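Here's the structure we're looking at; comments come further down.
The values are calculated or read from the model by the stated rules, or taken from the named source; none is laboratory data. Here the structure is a predicted model, which is why all the values come from computation and not from measurement. When we count neighbours, we look across all protein chains shown, and the Cβ atoms used for this are built from the backbone with ideal geometry, even at glycine.
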Amino acid sequence: MTKTHTIIIIGSGPAGHTAAIYAARAKLSPIMFEGEFAGGVAAGGQLTTTTDVENFPGFPQGIMGPELMMQMRDQSQHHGTTIYTKTVSAIDTTQTPFTVSGSFGEYRAHALIIATGATAKRLPITGGDTFWQKGISACAVCDGALPIFRDKPVAVIGGGDSAIEEAVYLTKFASSVYLLVRSNQFRASKVMQERALSNKKISILWQTEVTEALGTDRLTQIRVKNNHTSVTDTLDVSGLFFAIGHTPNTAFLNGQLALDSNGYIVTTMGSMRTSVPGIFACGDVQDHVYRQAITAAGTGCMAALDAERYLSEKGLI
């Protein structure tokens, strides 16, 4: 018979590891499936693809993203979390204890915490992989204040609210910002459009697509093409930011939890409870607004405390 564990955590970013630390210290003996390039990202989530992290409290000189995640992983294990570098491919919520399954077989648990995050959408441009985190990013709020972008021209791809929000944010640090919009109009709200159009540091290039990223050790130029006239040009930029959305990593749920219209897990206001009692969600898989390491960690704490309360109320601990 398959052993039933108290709690299983699926995912290993700041949310998952914070949940694991709290659950382990509460003597819940958590099991974590950290993923094996789940969503195309290494165990540890999006921070493993980030270089300098300057906005996570406790590191006044900053810390490299992979190092921060390794320290979180070490702390999870130190407190008693058992970590498997395996990817969960399915869960069964039709009966309790819940079942999670993958190439590793099946595990059962009285409670689950989903912390699988979201994957930033990127465009397949030539040189994109070469300069990823060497001038190319998918999070202006995370990376925009870094020295490599300060007082230098940068570009943002996108035409929605998020793209304009990131472009406006970057004007605080960059010398100028190119906003590259694929169509001939914004998808953003009127308020956000006005912000972009009235900001003297933002230059809007309509019907423009990036075809190539150029540079040596770091990004220094992008090649762009007007998709209406087919005219190409080269822009000198030190940064290129994708702002075309994220894909929450929820496909493995197979519709068993309530999702919003964008595919993010719906949690109850003021908690991390999902539509299924005993299953909790935290981090970017349920947050499409803030998407920061520190907010993910905060919701990881909440999910663990909510799970502990649930288990106690059910007499399972």
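Arg291 satisfies every condition listed in (1) modelled with pLDDT of 95 or more; (2) among the basic types (Lys, Arg); (3) within 30 Å of Thr208 (Cβ to Cβ) except (1). Kindly establish whether Thr130 is surrounded by 19 or more Cβ atoms within 10 Å (Cβ to Cβ), touching a residue at least 40 places away in the same chain (Cβ under 8 Å) and not basic (Lys, Arg). Here the answer is no, as Thr130 does not meet what is asked. Residue count for region 102-123 satisfying the condition of being loosely packed, with under 15 Cβ neighbours inside 10 Å and assigned to a strand (DSSP E or B): 2. The single residue among Val276, Val237, Val266, Val210 that is closer than 26 Å to Cys142 by Cα, of a type in the set (A, V, I, L, M) and assigned by TED's automatic domain parsing to the domain that holds Ala297 turns out to be Val266. The single condition among (1) more than 24 Å from His246 (Cβ to Cβ); (2) part of a helix (DSSP H, G or I) that Leu214 does not meet is (2). Under the condition of being of a type in the set (S, T, N, Q) and buried (at least 19 other Cβ atoms within 10 Å of the Cβ), the residues counted in region 18-47 number 2. Pairing each residue of region 181-193 that is within 20 Å of Thr211 (Cα to Cα) and part of a loop (DSSP other than H, G, I, E, B) with any residue that is charged (D, E, K, R) and at pLDDT 90 or above, provided the two are 6+ apart or on different chains, yields C-beta distances under 8 Å for Arg182/Glu209. Does at least one position in region 78-91 carry a residue that is within 22 Å of Leu146 (Cα to Cα) and surrounded by fewer than 15 Cβ atoms within 10 Å (Cβ to Cβ)? The answer is no; no qualifying residue exists. Scanning region 253-271 for residues that are touching a residue at least 60 places away in the same chain (Cβ under 8 Å) and in a loop (DSSP other than H, G, I, E, B) yields Asn254, Gln256, Leu257, Tyr264. Residues that are without any contact (Cβ under 8 Å) to a residue 12 or more places away in the chain, farther than 19 Å from Ile244 by Cα and not assigned by TED's automatic domain parsing to the domain that holds Gly62: does region 152-174 have at least one? No: region 152-174 contains no residue that is without any contact (Cβ under 8 Å) to a residue 12 or more places away in the chain, farther than 19 Å from Ile244 by Cα and not assigned by TED's automatic domain parsing to the domain that holds Gly62.
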